[in-house]
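Input: a single structure, listed below in C-alpha cells.
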Amino acid sequence: MAWSKGFLRLWIVLSVAWMALVFSVKGKDEFKGLWQPNVQLHVEYKGVVSEVLDSSHRPEELRRQIIDGVNRGALVLQRTDPTDAMKQIDGANQTADELLKVMAEENEKRVERTQTAVILLLAPPIVLLIIGFAIAWIASGFRRTA
C-alpha cells in the first residue's frame, strides 16, 4: 500500500511542477480569460471624448453607446471643424460596425487562447493519473489471494 501513496504524492508534485512551468512559460495573459472573460476597449473619439466599451453588454447596447460617443465627439469637434463633424456623424454606423467586429474577434481569440492554455495545463496530469490508475489496476491482478 505504501507504493500507491508514494506514487500519488509523486503525481501531485509532478502535476504542480508542470502547472507552474506551463503558467510561467505561457504567462498570465494566456489565462486571463478565466478571471476576466470579456474584452474591454478604451475608445477615444475625435473631439477628445473617451469611454470604455465592455463586451459583456449586448451588441445593441454597445452600438448605441458607440453612436452616442461618436455624436458627442462630433459636437465637440463641430466648434472647430463643422465639415469633419458631419463626416463623423454620417460614419457613426460604420464606426460601430467596425468596433463591434474588432470586439467579437478579440473575444474569439481570447477564448481560443484560454482553451489551448487550459488544455496544455490539465491534459498531461490527467493522462498521467489515468495511466497510474491503469497500472495500479493491472498490478492488483498479480497479487496473491489468501
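Per-structure values
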{"quantity": "Unmet requirement for residue 32, which otherwise passes all of (1) under 20 Å from the mean Cα position of the chain (by Cα); (2) crowded, with 16+ Cβ neighbours inside 10 Å", "calculated": "(2)"}
{"quantity": "Some residue of segment 128-138 being open to solvent by 80 Å² or more (accessible area, probe 1.4 Å), over 30 Å from residue 5 (Cβ atoms) and not in a loop (DSSP other than H, G, I, E, B)", "calculated": "no"}
{"quantity": "Among (1) of a type in the set (D, E, K, R); (2) over 26 Å from the mean Cα position of the chain (by Cα); (3) loosely packed, with under 14 Cβ neighbours inside 10 Å - the single one residue 72 does not satisfy", "calculated": "(3)"}
{"quantity": "Unique match (being of a type in the set (S, T, N, Q), more than 30 Å from residue 134 (Cα to Cα) and either in contact (Cβ under 8 Å) with a residue 12 or more places away in the chain or exposed (fewer than 12 other Cβ atoms within 10 Å of the Cβ) (or both)) among 4, 50", "calculated": "50"}
{"quantity": "Output for segment 26-47, where each listed residue is small (Gly, Ala, Ser) and either free of Cβ contacts under 8 Å to residues at least 24 places away in the same chain or over 30 Å from residue 121 (Cα atoms) (or both)", "calculated": "27, 47"}
{"quantity": "Pairs, first under 9 Å from residue 45 (Cβ atoms) and part of a helix (DSSP H, G or I) in segment 71-86, second open to solvent by 60 Å² or more (accessible area, probe 1.4 Å) and among the basic types (Lys, Arg), C-beta under 8 Å, six or more apart", "calculated": "73/46; 74/46; 77/46"}
{"quantity": "Test for residue 9: is it open to solvent by 90 Å² or more (accessible area, probe 1.4 Å), outside any strand (DSSP E or B) and touching a strand residue (DSSP E or B) at 6+ places or on another chain (Cβ under 9 Å)", "calculated": "no"}
{"quantity": "Meets criteria (surrounded by 15 or more Cβ atoms within 10 Å (Cβ to Cβ), among the small types (Gly, Ala, Ser) and within 30 Å of residue 115 (Cβ to Cβ)) for residue 55", "calculated": "yes"}
{"quantity": "Among (1) within 27 Å of the chain's Cα centre (by Cα); (2) part of a helix (DSSP H, G or I); (3) surrounded by 14 or more Cβ atoms within 10 Å (Cβ to Cβ); (4) free of Cβ contacts under 8 Å to residues at least 24 places away in the same chain - the single one residue 89 does not satisfy", "calculated": "(1)"}
{"quantity": "Counted residues, segment 48-70 - those being outside any helix (DSSP H, G or I), at pLDDT 80 or above and among the polar types (S, T, N, Q)", "calculated": "2"}
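Quick grid of which residues meet (1) surrounded by 15 or more Cβ atoms within 10 Å (Cβ to Cβ); (2) modelled with pLDDT under 90:
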{"residue": "80", "(1), (2)": "no, yes"}
{"residue": "85", "(1), (2)": "yes, yes"}
{"residue": "103", "(1), (2)": "yes, yes"}
{"residue": "116", "(1), (2)": "no, no"}
{"residue": "123", "(1), (2)": "no, no"}
{"residue": "126", "(1), (2)": "no, no"}
{"residue": "145", "(1), (2)": "no, yes"}
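Residue-by-condition table, conditions (1) in contact with a helix residue (DSSP H, G or I) (Cβ under 8 Å, 6 or more places away or on another chain); (2) at pLDDT below 80:
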residue	(1), (2)
1	no, yes
6	no, no
18	yes, no
46	yes, yes
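The values are calculated or read from the model by the stated rules, or taken from the named source; none is laboratory data. Predicted model, so just to flag it, every value in this text is computed and none were measured. Methodologically, a virtual Cβ is constructed for each residue, glycine included, from the backbone with ideal geometry; neighbour enumeration extends over all protein chains shown. Ligands, DNA and RNA are excluded from the accessible area calculation, which covers all protein heavy atoms including side chains. Shrake-Rupley method; radii C 1.70, N 1.55, O 1.52, S 1.80 Å.
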